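The values are calculated or read from the model by the stated rules, or taken from the named source; none is laboratory data. Bear in mind the structure is a predicted one, so any value in this text is a computation, not a measurement. With ideal geometry, Cβ positions are generated from the backbone for all residues, glycine too; neighbour counts draw on all protein chains shown. All accessible areas refer to the heavy atoms of the entire protein, side chains included, with ligands and DNA or RNA removed. Shrake-Rupley method; radii C 1.70, N 1.55, O 1.52, S 1.80 Å.
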Amino acid sequence: MTPIVSIIMGSTSDLPVMEKAAQLLNDLHVPFEMNALSAHRTPEAVEQFARNARQRGIKVIIAAAGMAAALPGVIAANTTLPVIGVPVKGSVLDGVDALYSIIQMPPGIPVATVAINGAMNAAILAVQMLALSDDTLAKTLADYKEGLKDKITKANEDLRQVKYEYKVD
């Protein structure tokens, strides 16, 4: 199937974080692609990717970057597709530098931003966007969220089995 979500990372060192997005998209049967492109080391490739993404069938882009974290913004500057930024923890500032870089976009170049290392939420947000025009995907997403609720309900029931035992010495 033709990918409709593109997961882009500044380098393959971001893969352990971004695998969570890929896994969720795979679990929800959303076709995706993954690439490593650097806003600083391969700027022409990033620009070409962003300018051609819509024509290739991409509908949402998830872009991860650490440190200076220019990648999501550069992509957003070169496409009209929604871009979701994932700041990656990896520097001495624990990802706060990446977070600030991604959220501080100028007017007209928005990047939706999730938490530091929040790749799973980026994937869920991408699916929510896609589900606006896809009833089957909307149902799949609703089932997924119901499953989250069921996990917490079961965990709470399990916790009720833990009791305080008072012992007299």
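Data for the structure
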item	result
Condition broken by Val46, with the remaining ones in (1) part of a helix (DSSP H, G or I); (2) under 27 Å from Asp135 (Cα atoms); (3) of a type in the set (Val, Ile, Thr) satisfied	(2)
Filter result for Gly90 (within 26 Å of Leu28 (Cβ to Cβ), surrounded by 14 or more Cβ atoms within 10 Å (Cβ to Cβ) and either under 12 Å from the mean Cα position of the chain (by Cα) or touching a residue at least 24 places away in the same chain (Cβ under 8 Å) (or both))	no
Options Thr79, Thr113; residue that is more than 19 Å from Leu148 (Cβ to Cβ) and under 12 Å from the mean Cα position of the chain (by Cα)	Thr113
Region 58-87, subset under 18 Å from Ser11 (Cα atoms) and assigned to a loop (DSSP other than H, G, I, E, B), residue most open to solvent (accessible area, probe 1.4 Å)	Met67
Cross-chain or 6+ apart pairs with Cβ under 8 Å, region 51-66 first and without any contact (Cβ under 8 Å) to a residue 40 or more places away in the chain, then of a type in the set (Val, Ile, Thr)	Arg51/Thr79; Arg54/Thr79; Arg54/Thr80
Any hit, region 37-45, residues being under 30 Å from Asp143 (Cβ atoms) and open to solvent by less than 20 Å² (accessible area, probe 1.4 Å)	no
Hits in region 102-157 - residues which are of a type in the set (S, T, N, Q), within 16 Å of Ile61 (Cα to Cα) and open to solvent by less than 50 Å² (accessible area, probe 1.4 Å)	Thr113
Flag if Val114 is farther than 29 Å from His29 by Cα and out of contact with any Asp or Glu (no Cβ under 9 Å at 6 or more places or on another chain)	no
Some residue of region 12-30 being assigned to a loop (DSSP other than H, G, I, E, B), open to solvent by less than 80 Å² (accessible area, probe 1.4 Å) and farther than 22 Å from Leu93 by Cα	yes
Residue match in region 96-110 (condition: at pLDDT 95 or above and within 16 Å of Phe32 (Cβ to Cβ))	no
